[in-house]
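The structure under discussion appears below in the form of structure tokens.
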Amino acid sequence: MSTPHPIAPPPLPAPAADEDRLAWVAPAVASALLLVLGPAALLLGGLSAMATDSCGPDDCSQALDTALSLIYGTLSYGSLLTLGACLTSWVLPRTRRWSALRTSLAVVSLLPPLFVLLLVFSLPEG
């Protein structure tokens, strides 16, 4: 009696010459940072309306009103930019041709939450 030989799996295809093995690094770092920066920007940006408690909503300075408008505008529209840039950095082809754009989009996805945090920590007096 002969023993049956297991069927060998087909060999793995050789990687393409222009494949970028580190294509996942920039989107992964940006996503990890967004897990911290996003909720912090949302929480502190949402609480920034309390800066008008001392001056009332009608007697606050124009600089404070402008800063609050920028914060809420960035929270609403900047989240779309953040989501789009982060998702695009993940789905771009994993070739070296796209590595510069992938890294740039990963950095761009961090800008709106960083801008909100910068505005919150530099709010003018009311």
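Some observations on this one:
- The residue that is farthest from the chain's Cα centre (by Cα), among those in segment 40-57 that are surrounded by fewer than 13 Cβ atoms within 10 Å (Cβ to Cβ) and under 16 Å from F121 (Cβ atoms), is M50.
- A count restricted to segment 1-28 and to residues that are modelled with pLDDT under 70 and either of a type outside the set (V, I, T) or closer than 30 Å to L83 by Cβ (or both) stands at 7.
- Any chance L33 is aliphatic (A, V, I, L, M), in a helix (DSSP H, G or I), open to solvent by 70 Å² or more (accessible area, probe 1.4 Å) and touching a residue at least 40 places away in the same chain (Cβ under 8 Å): yes
- Here L123, L119 are screened, and the one residue that is touching a residue at least 40 places away in the same chain (Cβ under 8 Å), open to solvent by less than 70 Å² (accessible area, probe 1.4 Å) and either part of a helix (DSSP H, G or I) or aromatic (F, W, Y) (or both) is L119.
- None of G78, G73 is buried (at least 17 other Cβ atoms within 10 Å of the Cβ), over 25 Å from D18 (Cα atoms) and either at pLDDT 95 or above or small (G, A, S) (or both) except G78.
- Screening C60 on (1) under 16 Å from P124 (Cβ atoms); (2) at pLDDT below 95; (3) part of a helix (DSSP H, G or I) shows it passes everything except condition (3).
The values are calculated or read from the model by the stated rules, or taken from the named source; none is laboratory data. Note that the coordinates shown come from a computational prediction; the quantities given were computed from them, not determined experimentally. FYI the Cβ positions are ideal-geometry reconstructions off the backbone, even for glycines, and counts take in every protein chain you see. For the accessible areas, the whole protein counts, side chains as well, though only heavy atoms, and no ligand, DNA or RNA atoms are used. Shrake-Rupley method; radii C 1.70, N 1.55, O 1.52, S 1.80 Å.
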